[in-house]
Amino acid sequence: MTKNMLMAFLLLALPALSPAESQWILEQGTLTYHVSHPLHQTDGVSHAARGKGTCHAGQCDFLIAVPVKSFDSGDSNRDLHMLQVTRGAEFPMVTVRTRLPESSSTSATFSADLEIQFAGQTAQYKQVPFKLETRDGATRITGTIPATLSDFKIDPPSLLTMPVKNEIPVRVEMTWRPQ
Amino acid sequence: MKTRATQFALSVGVAMLVLLISARLQAQVGGAALSGTVTGPSGAGVPNAKISVKNLTNDQSADTQTDAAGHYILPNLPRGDYEVSISADGFASKVSRATLTGATTLTMDAALEAPQAQSQTPGDNLPNAPSSSRTEPSLQDLGFPATETQADAKKQALLDKRTHMLKIHQRMGLITTVPLIATVIASMGAGGRDTSSASRDLHVALGGLTGDLYAITAYYAIRAPRVPGTETRGPIRFHKAMAWIHGPGMILTPILGAMAFDQKSNGQKVHGIASAHGPVAIVTAGAFGAALLSVSVKF
């Protein structure tokens, strides 16, 4: 009888003893791309990012996604053109995946390897630096992804026959909260 | 004999119907495709590399091999999140993730590296690369509405056509600027007390060319398809507003110009409504220039 009770206790206690799986939810995310043209500079902003992180055995897998059409550059014609050149109707989402050690959340800076799917292409960015600040239980992460148009095989759009620069750095500002 | 022929025709008909239905069903089930090129460290295509994909929702797998140039394609994949494994003799294997969002082809190229001494687990080529574990969040976990994540090939075609037409509109607008400026310059010798018919003829010829080029420019802007649900915002609003000035102006200017030309050719001083030719032309050219600048320079 005692043996059976001990067995039952052990079986019940096992899941509690295994490493707990925790989650992070993206509370607020702003992504801003910057485009340079000989005649002017443009920023396109999206506040529509959603994200989730799941942690297991000290490692966290993060996924952040944002609809391509949600980027607003302040001009509807330019946004529609951006949607066209990036094939945003065929590939409506930009997704960013990364894997980080759980301990990253306690440091002030960290570097992440990112896998980005955009415009029907996948590009990897190694060791992208990010700043991290924890306040009121939420973690604010800021950084810039050094993206280029050629990474995603996008032909540089042109205005008055002058093409934009290949570099389109994407500024990331995110607030994550553990669940 | 007749019965046999009827039976044969009936059998062929049924067989064709079955083929047609099965092809239709296959087209409905499939849709998305994954394609790309597998290259080695030298950049050359890797032939006979094995590409395996596993749907992370239902564990269904599919695989294929690259051709002699390193190209591969996996057609008819249902939408969802996939684990993509690429392996080839003499190279380190590579595992990535891909999300297929609809009836489109996702391009995933892979550069395989030379094998390392230690055995590699998925993602080892990057210190903290995305893992292939089943605990990873998927796009479905983020709760986006289906309308935002689904591919829309028709809309893409509409956007492509729109951009194509507006590119021509932009180029033609730039080309039109040249004879427009030349017409304005030529007008200085065509009006006033000048009685030279050569100056007037040059002004008329340049004006005619400007009008023709302007008509082509306007055609590509007017006929470019509209994208439903798009609100006009930003400098493009001013650009469009200017069209309501230079558009009628480009019609009115040559009419008034023709009247002025007749009066001048008859030795008369330009009078009446024809005397508005100059001011109308200036306003029209000004509006055209402002429209051009509004989309070119950020104020």
Practice prompt. Note down all Cβ pairs under 7 Å where the first residue falls in the range B:155-166 and is more than 10 Å from A:His81 (Cα to Cα), the second is assigned to a helix (DSSP H, G or I), and they're at least six residues apart or on different chains.
Written response: B:Met165/B:Tyr220; B:Met165/B:Arg223
Item to complete: Kindly provide the set of residues from the range A:87-114 that are closer than 24 Å to B:Pro145 by Cβ and either at the interface with another protein chain (Cβ under 10 Å from one of its Cβ atoms) or surrounded by fewer than 20 Cβ atoms within 10 Å (Cβ to Cβ) (or both), ordered by number.
Response: A:Arg87, A:Gly88, A:Ala89, A:Glu90, A:Phe91, A:Pro92, A:Met93, A:Thr95, A:Val96, A:Arg97
Fill in: B:Pro137 assigned to a loop (DSSP other than H, G, I, E, B), modelled with pLDDT of 75 or more and either crowded, with 20+ Cβ neighbours inside 10 Å or among the small types (Gly, Ala, Ser) (or both)
yes
Discussion item. Pull out all pairs, ordered by first then second residue, where Cβ-Cβ is under 9 Å, the residues are six or more apart or on different chains, the first lies in the range A:117-143 and is within 21 Å of B:Thr99 (Cα to Cα) and within 10 Å of another protein chain (Cβ to nearest Cβ), and the second is of a type in the set (Lys, Arg) and surrounded by 13 or more Cβ atoms within 10 Å (Cβ to Cβ).
Written reply: A:Gln117/A:Arg97; A:Gln117/B:Arg97; A:Ala119/A:Arg87; A:Ala119/A:Lys153; A:Gly120/A:Arg87; A:Gly120/A:Lys153; A:Gln121/A:Lys153; A:Thr122/B:Arg97
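Would you confirm whether any residue within the range B:230-240 is out of contact with any Phe, Trp or Tyr (no Cβ under 9 Å at 6 or more places or on another chain) and more than 14 Å from chain A (Cβ to nearest Cβ)? Steps first, please.
First, the residues of the range B:230-240 that are out of contact with any Phe, Trp or Tyr (no Cβ under 9 Å at 6 or more places or on another chain): B:230-234, B:236-240.
Going one step further and asking which of them are more than 14 Å from chain A (Cβ to nearest Cβ), we end up with none.
Within the range B:230-240, none of the residues are out of contact with any Phe, Trp or Tyr (no Cβ under 9 Å at 6 or more places or on another chain) and more than 14 Å from chain A (Cβ to nearest Cβ).
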Worksheet item: Which of (1) in contact (Cβ under 8 Å) with a residue 60 or more places away in the chain; (2) part of a strand (DSSP E or B); (3) within 8 Å of chain B (Cβ to nearest Cβ); (4) in contact with a helix residue (DSSP H, G or I) (Cβ under 9 Å, 6 or more places away or on another chain) is the odd one out, the single condition A:Ile64 does not satisfy?
Response: (3)
Response to the item:
Contact list, first residue from the range B:41-70 and in the same structural domain as B:Ser85 (by TED's automatic domain parsing) and assigned to a loop (DSSP other than H, G, I, E, B), second anywhere and surrounded by 13 or more Cβ atoms within 10 Å (Cβ to Cβ) and among the aromatic types (Phe, Trp, Tyr), beta-carbon distance below 9 Å, six or more apart or interchain, is B:Pro41/B:Phe91; B:Val46/B:Phe91; B:Ala49/B:Tyr72; B:Ala49/B:Phe91; B:Leu56/B:Tyr82; B:Thr66/B:Tyr72
Item to complete: Residue by residue through the range A:31-48, note down the ones that are more than 9 Å from chain B (Cβ to nearest Cβ), in a loop (DSSP other than H, G, I, E, B) and under 21 Å from the mean Cα position of the chain (by Cα).
Response: A:His47
Worksheet item: In the range B:144-161, which residue that is at the interface with chain A (Cβ under 7 Å from one of its Cβ atoms) and of a type outside the set (S, T, N, Q) is surrounded by the fewest Cβ atoms within 10 Å (Cβ to Cβ)?
Response: B:Ala153
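The values are calculated or read from the model by the stated rules, or taken from the named source; none is laboratory data. As the structure is a computational prediction, the values presented were derived from the model and not from experiment. Note: ideal-geometry Cβ built from the backbone for every residue, glycine included; neighbour counts use all protein chains shown.
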